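The values are calculated or read from the model by the stated rules, or taken from the named source; none is laboratory data. Note that this is a predicted model, so its numbers are computed, not measured. In this analysis, Cβ positions are derived from the backbone assuming ideal geometry, glycine residues included, and neighbour counts consider all displayed protein chains.
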Amino acid sequence: KQNIFILGIESSCDDTSAAVIHNGKVLSNVVASQKIHEAYGGVVPELASRAHQQNIVPVVHQALKKANITKAQLSAIAFTRGPGLMGSLLVGTSFAKSLAYGLNIPLIDVNHMQAHILAHFIEETNFKKPPFPFLAMTISGGHTQIVNVEDYFSMTVIGETIDDAVGEAYDKSGKILGLGYPAGPEIDKRAQLGNPKAFTFTKPKVDGLNFSFSGLKTAILYFIQKETKANPNFINENINDICASIQYTIIGILIDKLKKATKATGIKHIAIGGGVSANSGIRKALQDGEQKFGWTTYIPKFEYTTDNAAMIAIVGYLKFLEANFAEQDIMASARLKI
Ligand code: KG4
Ligand code: ZN
């Protein structure tokens, strides 16, 4: 068997990451998260690209060091071409192109959304891989998508958000409630202590398999404004119930669409990715789905569900096996589609 070492580079949003994969197995996966955005309650694109510029060289060095290899041993460089923030993508793209050029090895472009899905094919003991065809639901601060995956590079988006991503709904609700950023993990924690039926938020009416979360955010804002007018301590006194009710609504929206998607396609293998897949509510709902609807669900190791370079490197490895390489004139693409 060939010894294939792929260096993956991810810089699409606010995490600078580099990883080395050897024949499909992760040797290193280094992520430098950018704390600077917390003060703003969201990612500031200009600050993100500057931080990538600072982080990229040390992160790549660390990834090679942890993998215990030199750059001379690399077989190819894989990088995130898009979608993402243009300034952020440019840092990783330019770096990857230069390194591949300097080392005279193949360059491999990777679609970030495909990578979230193909992260399921990282070689990991104890994690089962989904069989084709399967449905992939990618849920994070930047994405909400359901994809019909027929093969590694044959996949179709069958539903996606028409406005905010699901993680954004968590984070924006958290902002209204005065919680820190990102608010998803805290809302989840508090939700487990509260009554999910305490308050009712109407679900958006969106056709087919698409999602919408911006109306929910507005509904929560008006609800909180109204209640705090009557009782200034409303949030404090009801925080766990509010979080539980928000979570109940959001998970309900996701599961409704998944049910529809399994009906429409007849596919019952469901693979989850993205930071929101850590959510206790979605995990429980998926487990229920296994019992109630005969689903088989797949959730990768957490470090491969949030933005990371190991998922970029595994796609690089799969493309390397097909000799599917990029040219040096390839450009980053902020709105790249699956
Ligand atoms: O994948 P990720 O790390 O970054 C991108 O957005 O690409 O996802 C981060 C998002 C944030 O919106 C965060 O609030 C949300 O995932 N999140 C959660 C949980 N953990 C992270 N949302 C709900 N429940 C959680 N346990
Ligand atoms: Zn992502």
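Quick one: in the range 178-190, which of the residues that are crowded, with 18+ Cβ neighbours inside 10 Å and modelled with pLDDT of 95 or more is farthest from ligand 2 (Cβ to nearest atom)?
In this case the residue turns out to be R190.
Strands (runs of 3 or more DSSP E) wholly in the range 1-67 with at least 1 residues that are free of Cβ contacts under 8 Å to residues at least 40 places away in the same chain, closer than 25 Å to Y317 by Cβ and outside the structural domain of S88 (by TED's automatic domain parsing) - which ones?
Strands (runs of 3 or more DSSP E) meeting the threshold: none at all.
When only residues in the range 154-177 that are of a type in the set (D, E, K, R) and in contact (Cβ under 8 Å) with a residue 60 or more places away in the chain count, which is surrounded by the most Cβ atoms within 10 Å (Cβ to Cβ)?
D171
With the condition kept exactly as written, say whether any residue in the range 297-305 is polar (S, T, N, Q), within 16 Å of D109 (Cα to Cα) and within 15 Å of the chain's Cα centre (by Cα).
no
Return the total of residues in the range 219-246 being out of contact with any Pro (no Cβ under 7 Å at 6 or more places or on another chain) and either modelled with pLDDT under 95 or buried (at least 21 other Cβ atoms within 10 Å of the Cβ) (or both).
Counting residues in the range 219-246 that are out of contact with any Pro (no Cβ under 7 Å at 6 or more places or on another chain) and either modelled with pLDDT under 95 or buried (at least 21 other Cβ atoms within 10 Å of the Cβ) (or both) gives 4.
For the range 176-197, indicate whether the set of residues that are in a loop (DSSP other than H, G, I, E, B), polar (S, T, N, Q) and either under 16 Å from Y248 (Cα atoms) or within 15 Å of ligand 1 (Cβ to nearest atom) (or both) is non-empty.
Yes, the range 176-197 has at least one match.
Which condition does I314 not pass, out of (1) within 18 Å of M113 (Cα to Cα); (2) crowded, with 23+ Cβ neighbours inside 10 Å; (3) touching a Pro at 6+ places or on another chain (Cβ under 7 Å), if it passes all the others?
(3)
Are there any pairs, at least 6 apart or on different chains, whose C-beta atoms fall under 8 Å, with the first in the range 212-238 and touching a residue at least 60 places away in the same chain (Cβ under 8 Å) and the second not aliphatic (A, V, I, L, M), and if so, which?
Listed pairs, sorted by first residue: F213/T144; F213/T161; F213/D163; F213/D164; F213/E168; F213/P204.
Residues A67, A32, A48, A18: which one is within 23 Å of the chain's Cα centre (by Cα) and away from ligand 1 (no atom under 15 Å from the Cβ)?
A18
Quick check on my filter: what residues within the range 125-153 are over 27 Å from D188 (Cα atoms) and either acidic (D, E) or without any contact (Cβ under 8 Å) to a residue 24 or more places away in the chain (or both)?
Result: T125, F132, E150, D151.
Do we find that Y317 is hydroxyl-bearing (S, T, Y), assigned to a helix (DSSP H, G or I) and closer than 27 Å to A67 by Cβ in this structure?
Yes.
Going by what's in this entry, would T156 be described as hydroxyl-bearing (S, T, Y), under 24 Å from E322 (Cβ atoms) and not assigned by TED's automatic domain parsing to the domain that holds V44?
yes
Out of the range 252-296, which residues are surrounded by 15 or more Cβ atoms within 10 Å (Cβ to Cβ), within 18 Å of K128 (Cα to Cα) and more than 13 Å from ligand 1 (Cβ to nearest atom)?
Those that are surrounded by 15 or more Cβ atoms within 10 Å (Cβ to Cβ), within 18 Å of K128 (Cα to Cα) and more than 13 Å from ligand 1 (Cβ to nearest atom): I267, K268, H269, I270, A271, L286, G289, W295, T296.
Matching residues to (1) modelled with pLDDT of 95 or more; (2) over 27 Å from H52 (Cα atoms):
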{"residue": "I250", "(1), (2)": "yes, yes"}
{"residue": "K257", "(1), (2)": "yes, yes"}
{"residue": "G275", "(1), (2)": "no, no"}
{"residue": "R283", "(1), (2)": "yes, yes"}
{"residue": "T305", "(1), (2)": "yes, no"}
{"residue": "F320", "(1), (2)": "yes, no"}
{"residue": "A323", "(1), (2)": "yes, yes"}
